[in-house]
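As structure tokens, the structure follows; a few thoughts come after it.
We did not get these values from a lab; they are worked out from the coordinates using the rules stated. Everything numeric here is computed off the predicted structure, so don't read it as measured data. Here the Cβ positions follow ideal geometry from the backbone for every residue, glycine too, while neighbour counts run over all protein chains shown.
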Amino acid sequence: MKRMLLSSVAGLATLLSVASVQAQTEIQWWHAMGGNLGEAVNALADQFNKEQSAYKVNAVFKGSYTETLTAAIAAFRAKQNPHIVQVFEVGTASMMAAKGAVYPVHQLMADTKEPFDPKSFIGPVYGYYSTTDGKLLSMPFNSSTPVFYRNKEMMKKAGLDPEKAPATWPELADMAKKVVASGAKCGFTSQWQTWALIENFGALHDLPFATKANGFGGIDIELKINSPGHVKHIQALFDMTKDKSFVYGGREGKSTALFTAGDCAFHIASSATASAIDKALGQGNVGISMMPYWPDIKAKPQNSIIGGATLWVLQGKPQAEYAGVAKFFSFLSRPDIQAKWHQETGYVPITVAATSVTEKAGFYQKNPGRDIAVKQLELNPPTENSKGLRIGNFVQIRDVMDEELEAVWAGQKTAKVALDDAVKRGNDLLKRFEAANK
Amino acid sequence: MEKRVTFDEKTLPYLLVLPQIVITLVFFFWPSAQMIWQSMLLEDAFGGNTRFVWFENFAHLFQDPAYYRSAAITAVFSGAVAVLGLALSLLLAVMADRVIKGATAYKAFLVWPYAVAPAVVGVLWGFLFNPSVGIVAWALRNLFGYEFNYVLNGGQALVLVVFAAVWSQISYNFLFFLAGLQSIPRSLIEAAAIDGAGPGRRFWTIIFPLLSPTGFFLLVVNVIYAFFGTFGVVDALTKGGPAKATEILVFKVYNDGFRGQDLGGSAAQSAILMAIVILLTVVQFRFIERKVHY
């Protein structure tokens with residue numbers, strides 16, 4: 001009898017616990033953060049789940065950015081989509097054009113009456129992902145910007161002052177030449193050439209990337225990357241390839257291997273690469289500064305733009321569940337959470353408060369240069385040309401720019417011809433995007 | 001009296017082939033029909049905005065110089081993979097057939113690469129030839145003074161994907177050639193040897209013609225492999241780069257469809273690719289098969 005009672009109590013307890021689990025609303029979050037970053041993402045979800053019990057965020061790693069986006073699109077078409085999907089910045093125009101698929105963040109926050117203050121965000125981060133009238137579309141999550149890294153030891157060997165970073169491209173060209181003369185295999189190399197050397201070059205010099213405020217004003221746009229300033233910049237880089245002052249190290253992040261191996265003395269790379277570079281070269285040996293600029297194109301640099309990804313909310317779930325999404329977004333933008341994310345990963349914090357928390361904790365004293373990214377993003381109030389980019393078919397347009405730049409580095413085309421061709425081919429892709437999203 | 005097995009039953013044979021027909025319909029015909037339907041649509045990625053555009057996607061492709069370039073690369077790539085793959089594996093099979101000591105070990109080692117998944121093949125070759133850390137690239141540079149950098153040089157990248165694709169297919173060809181060789185009656189070869197035919201002559205007049213059914217089968221399989229099966233190697237090794245120098249048609253289908261989210265254009269490319277391979281197979285069966293001795 002006693003045993004029966006016990007077992008029924010146990011059974012009841014099991015039932016109750018099942019019921020309490022069921023009462024929790026599950027929020028599906030698909031992301032593209034592997035390795036250490038994936039662990040940081042899981043830690044965020046765990047902390048949120050521990051702090052409250054009404055919602056349970058389930059973070060699922062779906063592969064690369066492209067794979068994650070493709071998976072989310074397929075799931076949406078089958079009406080099996082997650083609540084939240086992480087999409088890289090080049091997918092922004094595609095996501096915006098997908099009306100009926102996306103639940104804009106400003107609307108989500110209003111519908112669920114979740115407190116939300118646009119002013120708490122860092123301007124260039126917020127601006128990239130908001131409408132022209134300042135309404136936030138997707139939740140900024142991992143943002144970075146290209147910064148300039150230098151190998152101090154190699155500079156010393158070339159007789160240069162290791163504490164003095166080149167501020168302008170002519171200074172960099174000069175220093176790179178000296179480094180090569182001192183026996184280095186390469187002076188300077190850049191990651192993500194389209195992002196760093198075309199897109200951010202344009203923003204820093206207040207030159208448009210495309211018409212209609214870089215696509216913020218509409219999808220019937222044309223590229224503008226063959227301006228005299230762009231041509232001068234790319235031609236100068238090509239001239240630097242002749243004596244290996246500039247070496248092209250491949251697409252995306254491949255060239256970082258040249259810098260961390262001590263082949264190149266200077267490197268433009270994502271601010272999120274800082275910890276990997278520190279690990280490889282030793283923290284004291286690495287200097288971080290802002291990207292160089294051309295004083296004859298613009299007397300003072302404007303500001304850089306971000307890359308990385310944001311969290312998009314997808315439609316098609318019961319309205320009640322979106323309250324949990326809103327709560328989770330508020331959690332993500334909390335200063336302590338953002339500061340931790342920023343310090344652990346090297347991505348820029350998305351709120352002003354998170355920067356000051358990090359500063360007060362003495363993080364920038366211990367890790368000099370980690371504040372450069374935010375400073376460079378906030379150098380000046382963004383203009384039409386430095387707010388961000390909203391380009392349809394951007395993945396393919398970046399491929400086109402990569403190909404045309406590679407043709408320059410290989411000496412097959414002059415900068416002018418290559419950039420003209422890139423504009424022509426890019427415009428064709430833009431027209432196709434416009435036709436598909438009429 | 002002639003002995004023949006006949007089925008009196010009328011329905012049983014249909015029932016027996018039914019599973020295969022169902023599988024073919026569900027996994028081949030249905031997706032192909034969907035692809036052809038998709039190839040006439042222009043839509044955004046999420047499918048919220050779909051328009052029927054007839055053959056606009058095809059018209060767009062035929063105006064695109066990049067598409068012709070990809071087709072030309074595919075022709076070179078597929079030709080090289082099929083010819084090299086068949087020639088090398090035939091050579092290996094003939095050699096392995098002659099070996100007496102340790103024959104099983106040789107055969108086992110030659111079959112091994114087939115167990116390696118295409119993506120892993122790509123990673124392995126990429127690692128060996130990596131311009132900064134690859135041991136082969138290092139040796140080429142330091143021992144022969146030859147700068148091998150497939151990350152930058154399109155021609156070298158194409159050579160590298162051809163070799164990786166061939167390497168991964170050789171085992172399969174080798175197995176079939178070896179089986180073919182072993183089924184050739186020894187007495188024929190010995191008779192030719194007694195008549196004074198040297199090894200070369202024996203090969204070309206006896207072995208090669210008798211191997212032709214195997215060779216023909218492998219030619220068809222290898223062409224299809226070169227068109228479709230090499231995707232994994234290309235994706236892992238070069239992703240179609242540098243500057244699309246290794247973008248074969250099947251990779252362009254994937255790239256435009258899944259990276260570019262241009263599903264209509266990608267489906268149109270699939271339809272053309274399917275037509276090309278059907279055409280090639282028909283040509284092989286009509287013109288090359290005539291020369292095959294069964």
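Structure notes:
- Net charge of Cβ neighbours under 13 Å - reference A:V90; Lys, Arg +1; Asp, Glu -1: -2
- Most mobile listed residue (B:L88, B:L12, B:L128) in chain B, GNM with C-alpha springs under 10 Å: B:L12
- Here the residues A:D239, A:D117, A:D133, ranked from fewest to most Cβ neighbours within 10 Å of their Cβ, fall in the order A:D133, A:D117, A:D239.
- Order of A:T273, B:T104 - criterion: other Cβ atoms within 10 Å of each residue's Cβ, fewest first: B:T104, A:T273
- Segments A:28-37, B:278-287 sorted - mean Cβ within 10 Å per residue, highest first: A:28-37, B:278-287
- Among the residues of A:97-110, the average count of other protein chain beta-carbon atoms within 10 Å of the residue beta-carbon is 2.
- For segment A:75-229, the fraction of C-alpha pairs farther apart than 26 angstrom is 47 percent.
- Put the Cα centre of segment B:187-245 next to the Cα centre of segment A:76-90 and the gap is 46 Å.
- Each of A:E26 and A:S64 was given a label point 7 Å from its Cα along the Cα-to-Cβ line. The distance between the two points is 2.9 nm.
- Filter on A:K50/A:K119; A:K135/A:K340; A:K224/A:K416 - keep pairs with C-alpha separation over 18 Å: A:K50/A:K119; A:K135/A:K340
- Long pairs among A:K279/A:K387; A:K244/B:K239; A:K424/B:K244, criterion Cα-Cα beyond 29 Å: A:K279/A:K387
- Within a straight-line Cα-Cα reach of under 13 Å, A:K300 can be paired with the following aspartates and glutamates, leaving aside sequence neighbours fewer than 8 residues apart in one chain: A:D206.
- Counted as membrane-span-like here are DSSP H helices of chain A whose alpha-carbon atoms extend 30 Å or more along the helix's own axis and whose Kyte-Doolittle mean is 1.0 or above; these are A:2-23.
- In this structure the amide hydrogen of B:T238, modeled in the peptide plane, comes within under 5 Å of no amide hydrogen from residues 5 or more places off or on another chain.
- The label point for B:D64 and the one for B:I278, both projected 7 Å from the Cα toward the Cβ, are 2.1 nm apart.
- Shielding by partners for peptide A:255-262, expressed as the average number of C-beta atoms from other protein chains within 10 Å of each residue's C-beta, is 1.
- Largest to smallest principal axis extent of the C-alpha atoms in chain A, angstrom: 91, 52, 35
- Of the residues B:A245, B:A197, B:A179, the one that moves most in a GNM of chain B with alpha-carbon contacts below 10 Å is B:A197.
- Mean separation of Cα contacts under 8 Å, 6 or more apart, over the residue count of segment B:58-291: relative contact order %: 28 percent
- Residue of A:R370, A:R150, A:R425 that the Gaussian network model of chain A assigns the largest fluctuation, springs spanning Cα pairs under 10 Å: A:R425
- Working note: Debye formula, equal point scatterers on the alpha-carbon atoms of segment B:58-291, no solvent; log10 I(q)/I(0) at q = 0.07, 0.10, 0.12, 0.14 Å⁻¹ is -0.29, -0.57, -0.78, -0.98.
- Distance from the Cα centroid of segment A:221-295 to that of segment A:171-205 is 4 Å (rounded to whole angstrom).
- Gain on full stretching of the segment that runs from A:K300 to A:D111 - 0.36 nm per residue minus C-alpha separation: 63.8 nm
- Per residue, the convex hull around the alpha carbon atoms of the protein assembly as shown comes to 269 Å³.
- Share, in percent, of DSSP beta bridges within the protein assembly as shown that are antiparallel, nearest 5: 65 percent
- Sorted by Cβ density within 10 Å, fewest first, the residues B:I23, A:I277, B:I36: B:I23, B:I36, A:I277
- Two-site FRET efficiency, B:T11 against B:R186, from Cβ-Cβ distance with R₀ of 45 Å, rounded to 0.05: 0.45
- Formal net charge of residues neighbouring B:A193 (Cβ-Cβ distance under 14 Å; K, R +1; D, E -1): +2
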